[in-house]
Amino acid sequence: MDANQLRAAFTGYFASRGHEVVPSASLIPHDPTVLFTIAGMVPFKPYFLAEQPAPWPRATTVQKCFRTVDIDIVGTTSRHCTFFEMLGNFSFGDYFKELAIPYAWGFVTEVLGVDADRLWITVHESDDEAAAVWADAVGVPAERIQRMGDDNFWRMGDVGPCGPSSELYYDKGEAYGAPGGPVHGGAERFVEIWNLVFMQFNRLADGSMEELPKKNIDTGAGLERILPILQGTDSIFATDVLRPLVARAEALTGIAYGREQRADVGLRVLADHGRAMTMLVGDGVLPSNDGRGYVLRRVIRRAVLAARRLGRATAVTPDLAETTVAVMGDTYPSLRDELEMIQDVLAREEAGFDRTLRTGLTLLEGTLDEVRAVGSTVMPGEAAFRLHDTHGFPIELTEELAAESGLTVDRAAYEDLMAEQRHRARQAARAPAAADEEGYRTLLEAEGPTVFIGRSLLHYASPARVVGVLAGAEPGTAEIFLDQTPFYAEGGGQVGDTGTIVTETGRAEVVDTVAVLPGLVAHRARVTGELFRGQDALATIDAGRREAVRRNHTGTHLLHAALRSVLGDHVRQQGSLVAPDRLRFDFSHPGPLAPEEVRAVVGQANEDVLTDDHVQTSELPKGEAEALGAIAFFGDKYGDLVRVVRAGPHSLELCGGTHVDALGMIGPISILSEGSIGANTRRIEAVTGIATVERAQRRDALVQEAAALLRVEPEGVVDALQKLLDRQRATDKELSRLRSSMVAAEAAELARTAVLGVVVARRDGRSPDELRGLVQAARGQVGVRVAVVGGVPDAGGVAIAAATGGDPDAGALVKRLGAVVGGGGGGSAEVAVAGGRDPARLDEALSAARQALEGT
């Protein structure tokens, strides 16, 4: 049975017994009390502590785990490793010993077919209940059930859940040591393969224990411990999870496994550490000088040192990562997607450590000689700190090499100096220098230009080193500088990338990327935690956003070429914006585009997309590129060597931006608008890809909705609308005729009230325009020389209209009347309208008009 079959058999066995199959959690735990996921129960700790309700009563997992408690002896034995997989079944207040014990026995003996006579059991010395289940329910002979003390009692801490445990051991046989079972026999002979923890007590602060109201089960079976039994070998390094890595280490070093003990130790270190480092980086751990990143760095450096001692002078870690992914990729598919990023991280760390080794080993040997020369056996902590701080030489390696010379290192003094250094670094991080031109120039001179590596999708997540951190414009923000970056800095109309920069001590949410000086890229970000100069980081751009920007950028090139084809070579780019949600293109042209010209432009661009031509990029001398007909893209500055982008049969431009690999990736292009933004300058806005599809879907939905309202098929919407508009125009014409008739009738009625040829009246609820029409109609009646009508419109306020024929002046008249109602007005001498804010004085104004006009 191979590893994949064992994993499937285990989860299948427990799934058939009502357990939820839960995928492995990350090696980076949510639990802040541990650096890594060190056991299968770590992801379930909140359920065991009753901090959260368990989503299921039973669960089973194959959990990735990593421990360094035995790192110094990894490679010296055939059974120790740092990374391992824990097979586990868990009960959250559901079943207890009465099922957990038979489940374990049944899987090992019935599913795996392990000889029951070779299995031994240990229980806690006080746990009569577990012993009885093993003996009575399972049938294990009493002589193979042994009792132990603290080794068979599990506790989460000084207080909290705890309980006895029971373990299954496999007897490898007489060749591996003395008999007597796990308690009395040889350690290499009796190998623990399964541990069952019975959480049944709560330990109080005074040391007493009380029964838990809900008892839990936490079991763990080591996959690497079981595989040798199933595959008939006595070494985990001969199983299918590690033998391929040993073989890769053999190929890299040219040394065969099994011929010489010292070499075998190195090959086993390479196999184990190669797998561990790959899994750690795959889960987001990065080398650093603190925390889990420091542990990873130690693992990588131990492997590199082992390789160098075996005679391998060149890189080994990328190859070990490749083999690890080949072995583990079926179980953990994300490894395949992350392989190139993992290899980049490991290769950078290995190259850096090589430089450290070359310098540090010489200095260390000199220091050790000095210590021996004065008759001491202790290397000063200050010397070890200097090696680490100045040259990056790890303290563990210093101790190992010193031990080989019979010396020790003053570790306490070293740790004191390290603590002081960390304090200084944190203080500096809390008060970074200002982000200004002086700071930028100092950084550029010290670190050199930023290397952009983000054109390929494979580099969207890339390792980098923090070379500078400057204070941002707002609290909690910073400008971060890397030695290399996948983030594109705003330029040539293309917006800057967003994403994250993560180190061991902090996380930066990058909101913009800009070139603050030629060659120097600033990542403007909101920072959580702390980021320091010199830290290793994982820089990850927002891939979805970048892909949308790439589509729009190449789409802009196609539209530019189409505009020149349709309108003429006078079309030149005057500006652009390439954003993830749209593109904007400004170009020279004297007048608006006709509808057929817009259709021709978008038609050519989409025909180019359908060719799915590969987008070709090359770097050429500028003169040669221009001779080929390449067009300069507005806003870009070019040196002697330029980047030429050929996109399909029509587009050839100079451009430093990011583009799709093939035109088909753009998807459909749709022009949203075309208009003028100045003399002889036009602007089009457009969308590509899914945005075009969504726009078409919205339009289709509108047509469907209109068709439903008009009670026709979608194809008949235009005809139906035309008929509706014709009817509407006819109705409007009839309404206008009726209104005219009504106004004429009302004007005649007003004329009958005229006194000395003057009409003054009040009509509320009319708009100013309606009052204007009414006074004009009344003025046209026989015997009327002046008409004044005021009212309170439905919209509020006051409106007064006057028609006088010029005698008196209508404008001057309404101006006086408007003043009465708190407003003003004006117009021609013949017709004018006033407005006001005081309806209560409208009658007063009309009375004043009557007195003034009837007296003239």
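The values are calculated or read from the model by the stated rules, or taken from the named source; none is laboratory data. None of these values were measured; they are calculated from a predicted model. Virtual Cβ from ideal backbone geometry, glycine too; neighbours counted across all protein chains shown. When the accessible area is computed, the model is the full protein with side chains, heavy atoms only, and any ligands, DNA or RNA have been set aside. Shrake-Rupley method; radii C 1.70, N 1.55, O 1.52, S 1.80 Å.
Assorted remarks:
- Considering only Ala247, Gly544, Ser405, the residue lying farthest towards the positive end of the dipole of the chain is Gly544, judged by Cα position with unit charges set on Cβ.
- With helices as the sole contributors, the chain gives -13000 deg cm²/dmol at 222 nm; each DSSP H run of n ≥ 4 counts as -39500 (n - 2.57), and the sum is divided by every residue.
- Bins of 5 Å from zero: percent of alpha-carbon pairs in the range 591-683: 3, 12, 18, 17, 19, 17, 11, 3, 0
- The three principal axes of the C-alpha atoms in the range 801-854 carry coordinate ranges of 29, 22, 12 Å, sorted with the longest axis first.
- Applying a DSSP loop filter and a limit of 12 other Cβ atoms within 10 Å to the GluC sites (Glu not before Pro) in the range 43-119 leaves Glu51.
- Using R0 = 45 Å, the C-beta based FRET efficiency linking Glu694 and Arg841 works out to 0.20.
- Computed from Cα atoms, the angle from the helix 317-328 axis to the main principal axis of the chain rounds to 90 degrees.
- The mean accessible area for residues of the range 705-856, using a 1.4 Å probe and ignoring ligands and nucleic acids, is 56 Å² per residue.
- Partners for Lys172 among aspartates and glutamates (Cα-Cα distance below 20 Å; same-chain residues under 8 apart left out): Asp2, Glu110, Asp115, Asp117, Glu143, Glu188, Glu192, Glu224, Asp234, Asp240
- Computed magnitude of the charge dipole of the chain (debye, nearest 20; Cβ of K, R +1, Cβ of D, E -1): 3040
- Arg572 long-range amide H proximity, modeled H, under 5 Å: Ser588
- Amide H contacts of Ile631 (H built 1.01 Å from N, in plane; Pro and chain starts excluded): Leu652, Glu653, Leu654 sit under 5 Å, all sequence-distant by 5 or more or on other chains.
- The alpha carbons of the range 447-563 occupy a box of 49, 28, 26 Å along the principal axes, longest dimension given first.
- Hz values of 3J(HN,Hα) by residue in the range 406-422 - Karplus curve (6.51, -1.76, 1.60), Gly and Pro given as x: x, 10, 10, 10, 6, 5, 4, 5, 4, 5, 4, 5, 5, 4, 5, 5, 4
- Extension gain, Asp613 to Thr477: 0.36 nm times the residue separation minus the Cα-Cα distance gives 44.7 nm.
- In this rough spin-label picture, where each label sits 7 Å from Cα along the Cβ direction, the Asp117-Ala419 distance is 6.0 nm.
- The mean sequence separation of alpha-carbon pairs under 8 Å and at least six residues apart, normalised by the residue count of the chain, gives a relative contact order of 5 percent.
- For the range 97-196: rounded, prolate or oblate by the Cα gyration tensor [a/c cutoff 1.5]: oblate
- Lys/Arg +1, Asp/Glu -1 at C-beta; the range 274-388 dipole; positive extreme among Gly311, Met379, Thr324: Met379
- The range 662-736 - charge dipole about Cα centre, Lys and Arg +1 at Cβ, Asp and Glu -1, debye rounded to 20: 200
- Remark: the range 279-421 carries 41 Å² of accessible area per residue (probe radius 1.4 Å; ligands, DNA and RNA excluded).
- Think of each Lys and Arg Cβ as +1 and each Asp and Glu Cβ as -1; about the Cα centre, that makes the dipole of the range 212-331 roughly 460 debye.
- Accessible area of the range 1-116 divided out per residue, in Å², using a probe of 1.4 angstrom: 40
- Computed over the range 3-149, the ratio Rg/Rh where both radii use C-alpha atoms and Rh is Kirkwood: 0.98
- When the P(r) of the range 241-281 is calculated, the portion above 17 Å amounts to 22% of the C-alpha pairs.
- Compared with the dominant principal axis of the Cα atoms in the chain, helix 291-309 is inclined by about 50°.
- Applying 1/(1 + (r/R0)^6) with R0 = 35 Å to the Cβ-Cβ distance of Glu322 and Ser78 gives a FRET efficiency near 0.90.
- Taking label points 7 Å from Cα along the Cα-to-Cβ direction, Asn4 and Arg572 give a separation of 6.2 nm.
- 23 Å tail of the calculated P(r), the range 226-374, as % of Cα pairs: 40
- Under 20 Å from the Cα of Lys215 - lysines, other chains or at least 8 residues apart: Lys45, Lys97
- Cα coordinate range in the range 295-441, projected on the principal axes (Å, largest first): 57, 50, 27
- Phi-based couplings in Hz for the range 370-380 (Karplus 6.51, -1.76, 1.60; Gly and Pro marked x): 5, 5, 5, 5, 9, x, 8, 10, 10, 7, x
- In this structure, the amide hydrogen of Arg147, modeled 1.01 Å from its nitrogen in the peptide plane, lies closer than 5 angstrom to those of Val123, counting only residues at least 5 positions away or on a different chain.
- Ranking Leu558, Ser673, Val601 by how far each Cα lies toward the positive end of the dipole of the range 557-678 (charges on Cβ) leaves Ser673 at the top.
- Label selected from (1) 1.20; (2) 1.06; (3) 1.03, the criterion being Rg/Rh (Cα atoms, Kirkwood Rh) as computed here: (1)
- Net charge of Cβ neighbours under 15 Å - reference Ser673; Lys, Arg +1; Asp, Glu -1: +2
- Within the accessible area of the chain (1.4 Å probe), percent carbon and sulfur: 51
- Coupling constants for the range 813-821 follow from the phi torsions by the Karplus curve (6.51 cos²θ - 1.76 cosθ + 1.60, θ = phi - 60°), and in residue order they are 5, 5, 5, 5, 5, x, 5, 5, 9 Hz; glycine and proline get x.
- Summary value for the range 114-192: 31 percent relative contact order, contacts being C-alpha pairs under 8 angstrom separated by 6+ residues.
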